[in-house]
Amino acid sequence: MEKVGRFDRLKVWRLVDRYAWIQVRMGLLVGFLVMLLVAVVWRGHQLQYIQGAELEGKADRQVSREMKLNARRGSILDRNGVELAVSVDVKSIYANPRFIKDPEVVLGQLKAILGDHLDDAVVLERLKSRRQFVWVARKVSPLMARQVKDLRIPGMGLTSESQRYYPLKDRAGHLIGFVGGDEYKGLEGLERSHNAILEGGTYTLDVTADSRGRKIYLGQEPSFTELEGKSLVLTIDERIQYIAETELSSAIEQSGAASGSLIVSDPKTGDILAMVSYPTFNPNLINDHVADDWRNRATRDAFEPGSTFKSFVVASALQEGVVTLDDAINVNGGTLRFGDDVITDHHRAQFMTVRDVVKHSSNIGAYRLAKRLERERFGWYIQQFGFSEATGIGIPEQKGRMRDPKKWPEISLANVAFGHGLTVTNLQMNMGLGAIANGGTLMKPRLIKEIRDRTGALVESFPTEARRQVLSREASARATESLMSVVETGGTGVEAGMAYYKVAGKTGTARKVDSETRQYSNRLWTASFVGFVPADDPALVITVIVNIERDYRGQAYYGGKVSAPVFSRVAAQALPMLGVFPSAEAVRAEARKSPAVEPSVAVSLKAGSGVVEDRTMVPPQFVNGVEAPEVEPGLSVMPSYVDLSVRQALSVSREHGHIVQTSGTGKVKRQWPGPGVFVGEDVVVQLEFAAE
């Protein structure tokens, strides 16, 4: 029993060895698991705490990015709320090149749709890059965007951006300017000078991509409207702007001129109602123009004003009390020598009154007046009227140039007196003349009326601002009287005269310096007319500058022929829009001149177009004490204005010689007198517009 066999001992040892081996293996397994757990914990600690920030950034760079976009710019509106510049949402195309497998094939697909919107070399380089985001095409048409989306190219996506749009095309284009570049900033005009106000904020979208490169927004999109820029409300009246643009363009084309500018302002406030430059410029089609096309000539072109400057010479002399309008001035029979230099006049009289010096635009007479002021005092008045200094309008402008009066030789004093030897801008001329018109106060031009936020709430308003008193009311009245003589019979500006309004103004015809020869040219001229109306209670100052390149084939180049008619046509259409109508006295005076028919006083309704009643109708602004004269032959039939836009209605009014008074916006819904009425050429037509 005690004896154990060899076999049994071996069996026991085998059992012991197996158990030990199991324990060893279990130990090894447990040790491995423990080591693995330790490694996992350590790696987790390392990833979470040691390399966490770095790896998180790396992951973001691989699958996500921040897409930075510009919010919508504020609008630019005229004084009545008409939109001159707005922003609309358009689509832009981007790509993640890491998902683009064959850039050449993708480029070919895009080229078939986008055409000239693509720069092949640039886009191909972007598609081959290792970046996570590149722009392919910005601000494409809705059709192009839809066609690119339908391609379903992995890694290609669309996003919305804001596009600037100018709904009235070239209306006030030089003034408004345009935007451009990836930063979507203003590059010219108000868009540039007031970019900080107009531009919206920037916003970013956290974007990631799935395995096919499709865009996925992380989190909620921002409220874009909260980032919109502020809007500018201008003093410009879009209707008057259109009239001024149309009339200036017509005059320039008829005279064969090269360029020009026109400004309409309110002399009492300094408000700019219209500012026009020619050639025209459409900011929607910036690539169709060159830099000279979008130059705002009204503020940036300095020129020698010629005889229009005599307005300020006589005003200064009257203010100083060195002359009266009836004083006789020795004009030397129309010829005056300064050594080798000679000054001449068209009129050969020996003496002229101060009134006639202005009326007949005597160069010698202007010199005599400036001589009485003497150099320094004359130079001081020139500066008081705002010349050779910025007006402060808030957009780029020239200051003009004038030499130190102390250094003027006698011939320079004479030259400056009739508008040579110094340069001015149209805006300076307009504001200076406004000081004569409003009783002697030089106003600061106001172009921006208000700033409003995206909800239309007022942010800031800009009141009118007087810069300084230049003339007394008495001197202003006497200067106005002298300027009224210019448009009377025998004056140089007869064609600026108007039937029912008193006009004060001055013509100018000045030779220009040829840039090549540096000499005054017989081919290059500045034809101008500057004036205000009504002269007895001015509502408008209108300054017209036309740059003539004569071809010597009977081409008109005098200010009285080229620019004066523009003044009267603009004023005739603009005054009724502002509610400025002739007085009953003015109407009676005109009726006495031409008693046979006075269509602006009375309109007779005859059978026609369904109107069968035969009676006399008097426009409401002429009711006071005005009797309708008997209707004579020679009247025309009133056309229908109904359903016409403002532009179309004004075109019809010019064709028929009608003066229009408007209210509302949209299209014409009512007119008075109605269609079919027999009227004269100068009838006042009341048009009521309404939105469709």
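Read-outs: derived from the displayed coordinates by stated rules, not from any lab. Since this is a predicted model, take the numbers as computed values, not measurements. Neighbour counts are summed over all protein chains in view; Cβ atoms, including those assigned to glycine, are modelled from backbone coordinates with ideal geometry.
Computed over the Cα atoms of the stretch 508-562, what is the convex hull's projected area averaged over all directions, in nm²?
Values: hull surface 17.4 nm².
Dividing the Cα hull surface by four gives the mean projection, 4.3 nm².
Looking at the stretch 242-299 from every direction and averaging, what is the projected area of its Cα convex hull in nm²? Don't skip to the answer; put the middle values down first.
Values: hull surface 18.5 nm².
Here the figure is 4.6 nm², rounded to one decimal.
Which order do K512, K230, K101 fall in if you start with the one that has the fewest other Cβ atoms within 10 Å? Intermediate results must be reported in sequence, preceding the final value.
Working: K512 17, K230 21, K101 10.
Final ranking by Cβ density, sparse to dense: K101, K512, K230.
What are the ³J(HN,Hα) couplings of the stretch 324-331, residue after residue, when phi is run through the Karplus curve with 6.51, -1.76, 1.60 and θ = phi - 60°? Round to Hz, x for glycine and proline.
10, 5, 9, 5, 8, 10, 6, 10
How long is the gain from E688 to A258 if the chain were fully straight, where each residue apart is worth 0.36 nm and the alpha carbon distance is subtracted? Don't skip to the answer; put the middle values down first.
Numbers: separation 430, 0.36 × 430 = 154.80 nm, distance 3.76 nm.
Gain on extension, E688 to A258, equals 151.0 nm.
Between Rg and the Kirkwood Rh of the stretch 238-389, both from Cα atoms, what is the Rg to Rh ratio?
Value, to two decimals: 1.07.
Any chance you could run the full-extension gain for R152 through A390? It's 0.36 nm times the residue separation minus the Cα-Cα distance, nm to one decimal. Could the numbers behind the result be given before it?
Values: separation 238, 0.36 × 238 = 85.68 nm, distance 5.72 nm.
So the extension gain works out to 80.0 nm.
Stokes-Einstein at 20 °C, 1.002 mPa s, Kirkwood radius from Cα pairs: D for the stretch 346-414 in µm² s⁻¹? Display every interim value, and only then the final one.
Numbers: Rh = 13.9 Å.
My calculation gives 154 µm²/s for D.
Of all GluC sites (Glu not before Pro) in the stretch 81-186, which ones are in loop regions per DSSP and have a Cβ with at most 16 other Cβ atoms within 10 Å?
Details: sites: E83, E104, E125, E161, E183; in loops: E183.
Listed in order of number, the matching sites are E183.
Report the Cα-based extents of the stretch 120-190 along its three principal axes, largest first, to the nearest Å.
Extents along the principal axes: 44, 24, 19 Å.
Looking at the stretch 489-579, which GluC sites (Glu not before Pro) are DSSP coil and have at most 13 other C-beta atoms within 10 Å of their C-beta? All intermediate terms of the calculation are to be shown ahead of the outcome.
Details: sites: E495, E516, E549; in loops: E516.
Loop-located and lightly packed - E516.
Select from the stretch 523-552 those chymotrypsin sites (Phe, Trp or Tyr not before Pro) which occupy a DSSP coil region and have at most 16 other Cβ atoms within 10 Å, ordered by residue number. Write down the numbers at each step before the final one.
On the way: sites: W525, F529, F532, Y552; in loops: Y552.
Loop-located and lightly packed - Y552.
Listing T480, T543, T391 from the residue with the fewest other Cβ atoms within 10 Å to the one with the most, what is the order?
Values: T480 20, T543 30, T391 23.
Fewest-to-most Cβ neighbours within 10 Å comes out as T480, T391, T543.
Of K371/K512; K310/K406; K139/K399; K101/K139, which pairs sit farther than 29 Å apart, going by alpha carbon to alpha carbon?
On the way: K371/K512 25 Å; K310/K406 20 Å; K139/K399 39 Å; K101/K139 25 Å.
Over 29 Å apart, Cα to Cα: K139/K399.
Give me the distance in nm between label points sitting 7 Å out from Cα along the Cα-to-Cβ direction at S141 and L33, one decimal.
7.1
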